[in-house]
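Undergrad: To start, I am sharing the structure in question, which I have written as structure tokens.
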Amino acid sequence: MKALILVGGFGTRLRPLTLSVPKPLVDFANKPMILHQIEALRDVGVTEVVLAINYQPEVMLNFLKDFEAKLGIKITCSQETEPLGTAGPLALARDKLIDGSGEPFFVLNSDVISEYPFDELIKFHKSHGGEATIMVTKVDEPSKYGVVVMEEETGKVDRFVEKPKIFVGNKINAGIYLLNPSVLDRIELRPTSIEKEVFPQIAADKELFAMVLPGFWMDVGQPKDYITGLRLYLNSLRKRSPSKLASGAHIVGNVLVHETAVIGEGCLIGPDVAIGPGCVVESGVRLSRCTVMRGARVKKHSCISSSIIGWHSTVGQWARVENMTILGEDVHVCDEIYSNGGVVLPHKEIKSSILKPEIVM
Amino acid sequence: MAGLDPPPSSLSLSLSSPPQALEIHPFESPSSSSSSIFTFHPSHLIFSHLEFTQFSVIPCSFKAMGSSEERVVAVIMVGGPTKGTRFRPLSLNVPKPLFPLAGQPMVNHPISACRRIPNLAQVYLIGFYEEREFALYVSAISNELRVPVRYLREDKPRGSAGGFYSFRNYIMEDSPSHIFLLNCDVCCSFPLPEMLDAHKSYGGMGTILVIKVSAESAHQFGELVADPDTKELLHYAEKPETFVSDLINCGVYVFTPNIFAAIEEAIVERRGKAELRRITSFEALQSATKAIPADYVRLDQDILSPFAGKKEFYTYETLDFWEQIKTPGMSLKCSALYLHQFRYTSPQLLANANDAKGATIIGDVYIHPSAKVHPTAKVGPNVSISANARIGAGVRLISCIILDDVEVLENAVVIHSIVGWKSSIGKWSRVQGEGDCNAKLGITILGESVAVEDEVVVINSIVLPNKTLSVSVQEEIIL
């Protein structure tokens, strides 16, 4: 089976992290975001993944070389020379997705984190025999999104309503699809929206079905949702493989610690914390609801909450970092500094406190 | 203001052929540490489009020649990527020395000034950028200006004198009698031949370019006290807290080769101190604060200051303009200063205000030959428009830098702003800065490929590359 992951563009909402690497390579729960999806696809029998990209292809290709062998799955790139929207890239990658076997192929939005129940998706798709299946997820405020109006029992999709003013349903497009090769005949090689142009056509032909996504769902394309997404992910990990989470007297709630990370004495870590490879957390540190990325060092007696600490950064002794502080790559917060929502671009030193949310260039 | 001095043997040459076809390589770094992407295009150099009336020809072998044995080498310090965070967001796309001021890369201005030095043998650019970021530029500028320019990369920080010292073998290759040292991010008239003459008359080891500033602002710089008659440097203080002098260090120097011996002395002395630190336990405790490594030598604190009053260093005062180009706001101001200077040194570069067929031109304006400006547009003062930009009908541009491939649609207004490469400014939209070049959000800066939609207003804001603004913003940084 094949899969296409829509990686798209510049990841500007995840800056400053995306000033250092393209968005799919930003770590989430100690792994590049896209790796979560690629591994789940491999586990369900996908043999080739095509990445639809339009930015920094050479960085992605270097990454692929490292991982292809390790993962045991073929990874290729399909590069857009102009942005093709959410459906155009499928037409561009047509030759890679159709292998003559008639098997359906997956299409994923790269920002989406979930449990990826691809087995169940395949079963449902085969059972209804329609041309396309999309996964939907229930949300509290559907009018912020595009709502999928469907028959509850069969899952047959009636129509899409973009940001509805009155309540028409509470299921939105989760960005995970399983499509028959015939869908490609409906897509032209031009900037096209899959939600606005392609799916409504398929729905009109009564060939589009929706499946409610079990488990959690999050679009982690911006820092606030990234932090919420980590909580949901770790929660799910607790249910599926609790042994992967850290335990001990200094751990509270769900905490993921990479095996090469080092944690000192007298710390209190958690809930909802991910500590990446090679990180050093010195003694007396309090971490909650945060991500510490590869190679970062958190010095003694400091306190970090609801923040993201970028690769190879340092947080100084007695520093307090909170309220959606995002440190880019190689940022050094000096001792005793307070950061309240500072968003700091890479290669900076923070020598004076940031008292209210501010971007530091 | 000095123009182009006619050298002893001059040749009249017309360079009206198009720039040589050079391969354009997008410089994209695969590693994550420096994400700047810059494509240098020969059109960034404008000289080949224009006629020069006189300049001295250096034979193809680029070896020193001429009647005198007094060869001169110029060294321009260009800095590096992680050092220049104050120049963001522009430095996210281009190394600061290559950012255009008055239509030419920043480092062109000191290099062009070096060409006026008699018997110039070589220009070295020394910095921390990767070689490939300067390779294309150096090859193009050497060809265009007929001056050998070479980029040398520093491997680690050694201070302003240490870096210079570490390349002394290259610098001394041509056995120069004098060596100029300039900082790339200095904006001034570079009176280099006059400085050299003064230096020769003083007979010391070095001469420093100085300028008088207001007493209130002097503390931001290195303050010097000079003897009013002999012009000797009597005292030097770097960014002092109390007032020392209103005469400050411009960052332009000329030395005789024995400067290297002086730097070496300072390195040896520093190594001695470092040894002492290891021996004495009290000194070892001091290592809580950052200990400066042994071969890190700063020109100002470690050479000029100790040698002051010993009849080795002298000063040459400039009465022209002087600014430091540390931030994008200052680059806008300095672009205007250079545009103004073009009136005297290269008036042919400025847009012709009397061209009836063209757009209305006010004050000093530079328009690249490949840019298109609609006749109903009004441009200036202090506007620089780069290659392939398109300025639509009824557009008003005041005090701004419009970079390559920008499209400004009909009736838009751009004031006190820098519009990044490939950006587009929508119809009737307004992109404006207050004009305070020193404030953090004093001008508006649009990064590469920013789209401002029709009728949107952007005021005193900074927008990072690849964003689209569909609603108006004020006083914001948009990542």
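The values are calculated or read from the model by the stated rules, or taken from the named source; none is laboratory data. What you see is a predicted model, and the numbers here were worked out from it, not measured in a lab. Note that we place each Cβ from the backbone using ideal geometry, even for glycine, and neighbour counts take in every protein chain shown.
Undergrad: Just a yes or no: is a residue in the stretch B:147-162 touching a helix residue (DSSP H, G or I) at 6+ places or on another chain (Cβ under 6 Å) and of a type in the set (S, T, N, Q)?
TA: Yes.
Undergrad: Tell me yes or no: at least one residue of the stretch B:464-478 is within 11 Å of chain A (Cβ to nearest Cβ), without any contact (Cβ under 8 Å) to a residue 24 or more places away in the chain and touching a Lys or Arg at 6+ places or on another chain (Cβ under 7 Å).
TA: Yes, some residue in the stretch B:464-478 is within 11 Å of chain A (Cβ to nearest Cβ), without any contact (Cβ under 8 Å) to a residue 24 or more places away in the chain and touching a Lys or Arg at 6+ places or on another chain (Cβ under 7 Å).
Undergrad: Turning to a different aspect of this structure: Could you grab me the full set of residues in the stretch B:118-137 that are at pLDDT 95 or above, touching a Phe, Trp or Tyr at 6+ places or on another chain (Cβ under 7 Å) and among the hydrophobic types (A, V, I, L, M, F, W, C)?
TA: B:125, B:126
Undergrad: Also, I was wondering about something else. State all residues of the stretch A:1-18 that are among the small types (Gly, Ala, Ser) and either away from chain B (no Cβ under 14 Å) or in contact with a helix residue (DSSP H, G or I) (Cβ under 6 Å, 6 or more places away or on another chain) (or both); if no residue qualifies, say none.
TA: A:3, A:11
Undergrad: For residue B:129, all conditions in the list (1) out of contact with any helix residue (DSSP H, G or I) (no Cβ under 6 Å at 6 or more places or on another chain); (2) part of a strand (DSSP E or B); (3) not polar (S, T, N, Q) hold save one; what is the number of the exception?
TA: For residue B:129, the failing item is (2).
Undergrad: Right, something else. Given the conditions (1) at positive phi; (2) in contact with a helix residue (DSSP H, G or I) (Cβ under 7 Å, 6 or more places away or on another chain), which single one is not true for residue A:100?
TA: Unmet for residue A:100, out of (1) at positive phi; (2) in contact with a helix residue (DSSP H, G or I) (Cβ under 7 Å, 6 or more places away or on another chain): (2).
Undergrad: Okay, moving on. When the stretch A:68-103 is examined, which residues are found to be among the hydrophobic types (A, V, I, L, M, F, W, C) and farther than 21 Å from residue A:198 by Cβ? Even if it seems obvious, please write down each step before you answer.
TA: Of the residues in the stretch A:68-103, the ones among the hydrophobic types (A, V, I, L, M, F, W, C) are A:69, A:71, A:73, A:75, A:77, A:84, A:87, A:90-93, A:97-98.
The answer is A:69, A:71, A:73, A:75, A:77.
Undergrad: Taking the condition modelled with pLDDT under 90 and hydrophobic (A, V, I, L, M, F, W, C), does residue A:212 pass? Break it down stepwise before answering.
TA: Numbers: modelled with pLDDT under 90: no; hydrophobic (A, V, I, L, M, F, W, C): yes.
When the stated conditions are applied, residue A:212 does not pass them.
Undergrad: Can you find, within the stretch A:331-361, the residue that is surrounded by the most Cβ atoms within 10 Å (Cβ to Cβ) among those that are of a type in the set (A, V, I, L, M, F, W, C) and part of a strand (DSSP E or B)?
TA: So the first thing to find is which residues in the stretch A:331-361 are of a type in the set (A, V, I, L, M, F, W, C), and the list is A:331, A:333-334, A:337, A:343-345, A:350, A:354-355, A:359-361.
This time we only want the ones that are part of a strand (DSSP E or B), so: A:333, A:343-344, A:350, A:354, A:359-360.
Numbers: A:333: 30, A:343: 22, A:344: 25, A:350: 23, A:354: 21, A:359: 19, A:360: 18.
The qualifying residue surrounded by the most Cβ atoms within 10 Å (Cβ to Cβ) is A:333.
Undergrad: For a quick check of your reading of the model, give me the residue pairs whose first member lies in the stretch B:308-322 and is among the β-branched types (Val, Ile, Thr), whose second is in a loop (DSSP other than H, G, I, E, B), with beta-carbon atoms closer than 8 Å and at least 6 apart or on different chains.
TA: What qualifies is B:315/B:231; B:318/B:189; B:318/B:191.
Undergrad: To continue, here is another question. I'd like the full set of residues that are more than 19 Å from residue A:357 (Cβ to Cβ) and either surrounded by fewer than 24 Cβ atoms within 10 Å (Cβ to Cβ) or within 14 Å of chain B (Cβ to nearest Cβ) (or both), limited to the stretch A:297-330. Can you show your working first?
TA: Initial filter on the stretch A:297-330 (more than 19 Å from residue A:357 (Cβ to Cβ)): A:297-302, A:311-312, A:314, A:316-318, A:329-330.
Passing the criteria: A:297, A:299, A:300, A:301, A:311, A:312, A:314, A:316, A:317, A:318, A:329, A:330.
Undergrad: If you take the residues in the stretch A:338-352 that are over 17 Å from residue A:306 (Cβ atoms) and touching a strand residue (DSSP E or B) at 6+ places or on another chain (Cβ under 7 Å), which one is farthest from the other protein chains (Cβ to nearest Cβ)? Walk me through it before giving the result.
TA: Our first condition is that a residue be over 17 Å from residue A:306 (Cβ atoms); within the stretch A:338-352, this holds for A:345-352.
Of the ones still in play, those that are also touching a strand residue (DSSP E or B) at 6+ places or on another chain (Cβ under 7 Å) are A:345, A:348-350.
Values: A:345: 6, A:348: 6, A:349: 9, A:350: 12 Å.
Of everything passing the filter in the stretch A:338-352, A:350 is farthest from the other protein chains (Cβ to nearest Cβ).
Undergrad: Out of the stretch B:79-98, which residues are facing chain A (nearest Cβ under 8 Å) and farther than 18 Å from residue B:126 by Cβ?
TA: The answer is B:85, B:88, B:89, B:92.
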